[in-house]
Amino acid sequence: MALANQLEKDIFARRELAVGVQRIIVEEGIEMVKQQDGLHLRVAGSGPGKRFEISTTTMVGDPVPDQDWKVIFISPALEAAPVPTPTPTPTPTVPVMAMIAVINQSTTDSDQKVQSWIDAVRKQCDTDVAKLWDTTVNFTLIPKDQTPPQADWYCLVADDSDVAGALGYHDSGPNGEPIMKIFTKTTESIGQSPSITLSHEVIESIGDPGAEMVVSGVDANGRACFYYRELCDPVESDTYKIDGIDVSDFVTRDWFKETPATGQFDALNLTTGPFHLHAGGYMELSYDGSNWTQVDMQSVRSALHGKPGSRHRLYKTALKDRKKSTFKIDKKKDIRV
């Protein structure tokens with residue numbers, strides 16, 4: 001009987017063996033477990049959660065009649081071992097670059113509507129931008145007629161452009177803080193949603209908060225040149241939806257590298273390599289760092305790019321020499337932090 005005693009000991013010493021026995025019962029019904037020195041053992045039972053029994057015999061035959069088996073052990077009911085809860089994969093965290101106070105001064109778009117744009121752009125930044133640029137931003141909406149609190153960056157939503165033809169732009173504020181302006185009526189006049197302009201300017205501010213960065217690259221013929229670090233301009237006619245809201249495509253870090261590390265150059269995988277402008281894209285380049293040439297791939301905004309005073313010409317003025325962007329939060333005070 002030592003073999004039967006050992007089996008009983010093993011079953012209750014090791015839970016997984018008990019579950020293993022239960023599995024045998026479920027799948028096989030009756031299973032010859034061990035055979036040694038003429039002593040045969042079998043385990044029999046009736047399914048998960050039921051009792052099982054261990055029987056022995058010295059008889060031989062196929063099968064040995066039930067009356068020749070001696071029951072030596074009846075188990076309590078077996079229960080399946082608990083399935084371990086998988087350790088959740090930690091959600092990757094990325095640094096938050098800034099808190100943006102979005103100030104709604106539009107006369108045609110409600111705070112609720114502007115909030116829906118913010119929610120979509122926030123999700124875009126927390127997912128797509130975070131994945132491809134390793135950072136994100138937070139937002140707070142300042143309802144109409146409320147004074148904005150202190151924030152890292154500011155974004156004005158207004159009706160009409162204060163610069164000829166610009167749907168929106170990003171710049172450096174009075175104290176060096178990034179400032180964005182989104183013009184709802186001007187954007188809608190070319191058949192686009194202002195949410196695209198919001199997405200465009202926020203992402204470009206992430207790529208170049210001071211609106212002054214220049215990177216070296218090559219033109220379409222391989223000639224060395226310089227580009228402004230504008231993340232959305234190369235694909236500015238391409239959009240996609242987040243929760244039904246239109247947002248702008250944008251390029252990745254590898255778009256600005258002659259020898260990229262990966263094969264993804266924009267969020268929608270439309271550009272095919274570094275410094276490639278997709279149909280409808282736009283950029284300015286320079287061969288000497290002083291004289292800039294416009295390269296326009298039939299952008300939907302192309303009619304605006306060349307207008308006198310267009311903010312697409314902003315970079316042509318050195319940061320220190322620019323008239324600092326500002327906007328009024330009431331009749332007496334400008335945004336200053």
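Nothing in this text is a laboratory measurement; each read-out follows from the coordinates by a stated rule. Because the structure is predicted, anything quoted here is derived from the model rather than measured. Heads up, the Cβs are rebuilt from the backbone with ideal geometry, glycines too, and the neighbour counts pull from every protein chain shown.
See the values below:
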{"item": "Cα-Cα separations in the range 133-199 greater than 20 Å, expressed as whole percent", "result": "34 percent"}
{"item": "Table column - 3J(HN,Hα) (Hz), the range 234-243, Karplus curve with 6.51, -1.76, 1.60, x for Gly and Pro", "result": "x, 10, 5, 8, 9, 9, 8, 10, 10, 6"}
{"item": "Fully extended contour minus Cα-Cα distance, from residue 288 to residue 152, at 0.36 nm per residue", "result": "45.6 nm"}
{"item": "Label-point separation, residue 134 to residue 59 (7 Å along Cα→Cβ), nm", "result": "7.5 nm"}
{"item": "Cross-link pairs beyond the 19 Å C-alpha cut-off, checked among 113/241; 144/241; 144/185; 123/144; 144/181", "result": "144/241; 123/144"}
{"item": "Hz values of 3J(HN,Hα) by residue in the range 210-227 - Karplus curve (6.51, -1.76, 1.60), Gly and Pro given as x", "result": "x, 6, 8, 7, 10, 10, 8, x, 9, 7, 4, 9, x, 7, 4, 7, 10, 10"}
{"item": "Estimated vicinal HN-Hα couplings, Hz - the range 101-114 in sequence order (Karplus 6.51, -1.76, 1.60; Gly, Pro = x)", "result": "8, 9, 9, 8, 10, 5, 8, 10, 10, 5, 4, 4, 5, 4"}
{"item": "For the range 96-318, alpha-carbon Rg relative to the globular expectation (2.2 N^0.38 Å, N residues)", "result": "0.96"}
